[in-house]
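The values are calculated or read from the model by the stated rules, or taken from the named source; none is laboratory data. Treat the numbers as computed from the prediction; the structure is a model and nothing was measured. With ideal geometry, Cβ positions are generated from the backbone for all residues, glycine too; neighbour counts draw on all protein chains shown. Calculation scope for accessible area: heavy atoms of the full protein, side chains included, ligands and nucleic acids excluded. Shrake-Rupley method; radii C 1.70, N 1.55, O 1.52, S 1.80 Å.
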Amino acid sequence: MTVTWEDLGWERLAEGVGRCRLPGWDCTVGLVVGSGTALVVDAGSSLAEGAGLRAAARTLAGRDVTHLALTHPHFDHVLGASAFAGAEVYGAVGLDVVFTHERAALRLDAVDHGLPAGEAEAATRALVPPAHAVSGEWTLDLGGGRQALLANVGPGHTGHDLAVLVPGSPEVVFCGDLVEESGEPQAGPDALPARWPAALDRLLELGGEDALYVPGHGAVVDAAFVRRQRDALAARFGVS
């Protein structure tokens, strides 16, 4: 019996491309299936959640996860990363510094948001800095003619924002929390509001008018939504 994306609670966006919305913090995780490869975008909020995502991705892709891209260093997107042992891990330049020197803050943020202290401690202790730091753009060859473009489009939501563009029909852009649909974009102490609208301009340049834009939280949106959110952020933070 063939298992479909929907059977596992995933939303199929294009051929071999989909995402799921995780419970708890409504964080989005993406999957891009190549020929003999599988790229996961973001890793969930705990080692258990990461392990579950890896198992689901393995079922859908027909092989183990080979690549993991982390869109930004917030607990609900990265604390499952160590469950993907053996995968090539990518993040924006500076993510390694956060993982190495800001683990205590990452753990406290997770606990403050409701993750059990033991799970937060185990996940932060196991974190390994990404092996690949993306400073501009990095094209991954996933085989079978499939590519994914990793683009360091920030700073904005954080100092280390990475987007993932998957060419195709339609093109799909995984935005991380640079774009949020289920609520107003969250600007915490690590946000750079003055640079955020420019990061969204870059997303729009990458994807174009006909792309599907996948927010870090909420429903998939179009270019018009991203543009409206860009303008709202500019007004909110007094940026031209």
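The figures follow:
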item	result
Rule-of-thumb Rg ratio for segment 69-113 [Cα; 2.2 N^0.38 Å; N residues]	1.12
Formal net charge of residues neighbouring D64 (Cβ-Cβ distance under 9 Å; K, R +1; D, E -1)	+3
Compactness of segment 171-225, expressed as Rg and Dmax over alpha-carbon positions, Å	10.9, 33
Inter-site label distance for V128 and A85 at 7 Å from Cα along Cβ, in nm	0.8 nm
Size of segment 1-105 as Cα extents on the principal axes (Å, biggest first)	46, 29, 21
Extension gain, D222 back to E11 (0.36 nm per residue minus Cα-Cα distance, nm)	74.4 nm
Rg over Rh, two decimals, segment 13-59 (C-alpha only, Kirkwood Rh)	0.96
Pair-distance profile P(r), taking every C-alpha pair of segment 103-240, with 10 angstrom steps and integer %	12, 36, 33, 18, 1
Exposure of H160 as accessible area (Å², to 10), given a probe of 1.4 Å and all protein chains	40 Å²
Most to least accessible of S135, S169, S45 (protein chains only, probe 1.4 Å)	S169, S135, S45
Reciprocal of mean inverse Cα separation for segment 52-127 (Kirkwood radius, Å)	13.1 Å
Label-zone membership for segment 1-43, site R63, 7 angstrom Cα→C-beta point, backbone N under 14 Å	32-40
Structure-derived Rg and Dmax of the Cα atoms in Å: which label, when the choices are (i) 16.4, 55; (ii) 19.9, 70; (iii) 17.1, 51	(i)
Carbon + sulfur, % of accessible area of the chain - ligands and nucleic acids excluded, 1.4 Å	51 percent
Span from the segment 59-137 Cα centroid across to the segment 172-223 one, whole angstrom	20 Å
With all protein chains modelled, accessible area of T139 [1.4 Å, Å²]	80 Å²
Shape category assigned to segment 122-191 from the gyration tensor of Cα positions, a/c cut at 1.5	oblate
Accessible-area value, D222, 1.4 Å probe, nucleic acids and ligands omitted, Å²	80 Å²
